[in-house]
1. Could you state the number of Å between the C-alpha centres of region 96-155 and region 17-75?
2. Can you tell me what share of the DSSP beta bridges in region 109-234 is antiparallel? A percent to the nearest 5 is fine.
3. How big is D for region 18-57, in µm² s⁻¹ as a whole number, if Stokes-Einstein is applied with the Kirkwood radius of its Cα pairs at 37 °C and 0.692 mPa s?
4. What distance in nm separates the two pseudo spin-label positions at residue 154 and residue 7, each 7 Å out from Cα along the beta-carbon direction?
5. Would you work out the relative contact order for region 1-101, in percent, from Cα pairs under 8 angstrom that are 6 or more residues apart?
6. Given the rule -39500 (n - 2.57) for each run of at least 4 DSSP H residues, summed and divided by the residues of the chain, what is its mean residue ellipticity at 222 nm, to the nearest 500 deg cm²/dmol?
7. Assuming 1.306 mPa s and 10 °C, estimate D for the chain with Stokes-Einstein, Rh taken as the Kirkwood radius over Cα pairs, in µm²/s.
8. For the chain, find the longest principal axis of its Cα atoms and tell me its angle to the long axis of helix 34-43, 0 to 90°, nearest 10.
Ligand SMILES: [Fe+2]
């Protein structure tokens, strides 16, 4: 089983998970149909399912066209079934869902939207985080509260440290600039930025990132760090206050 990264729209990533012998495939967050159709036809994949992390158009934009063309089933969060186009199968928090290709664990991680989920495939050591956790950043809070987003990020931190993170956008360079503006003395961050620059120069995605890198370098996962708190003027050891301040600073960065 392998994962193919598909660039969509301006800076979105969709992912095709496939078995190269059986050609059975599953797509995660098809932002638009055409780049997915191109890959499926080129590789003669048999597309069985679409999984959506949340309902935003740049994650579900290809749902209906792909369903019509390949007769695949669309899978998403049960409570978001009224706004995920073409949904057939609703999943719930903490559910394990099995298909012909893999077994995955679903966690509800609200904040960016109220119905956002992540998809963890143990066999691939892969976690699909949509617009909740990015490399060196996190999603904007559109429907949830700061507290919810903070808790959702903490849920993601608990996966095995070597988990590969596949997120919804290539925002890494801009995110790294923000992390660096506050966390200048973090040598691990400096090393990660070097690697990011190299990847971008070579035209490669900076994704997947590794959870351990994110825990050490992503400022939104380092809200308990006293130096960071001091740097942004949070006095008490208060991670949620730190997270809130960081998210607001990033919104205006
Ligand atoms: Fe989104």
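1. 19 Å
2. Looking only at bridges with both residues in region 109-234, the antiparallel portion is about 65 percent.
3. 308 µm²/s
4. 3.8 nm
5. On the way: 210 pairs, mean separation 21.4, N = 101.
Dividing the mean separation by the residue count of region 1-101 yields 21 percent.
6. -10000 deg cm²/dmol
7. 86 µm²/s
8. So the inclination is approximately 60 degrees.
Read-outs throughout are calculated quantities, based only on the coordinates presented, and are distinct from any laboratory measurement. Since this is a predicted model, take the numbers as computed values, not measurements. Because the Cβ atoms are built from the backbone with ideal geometry, glycine has one as well, and the counts that use them run over all protein chains shown.
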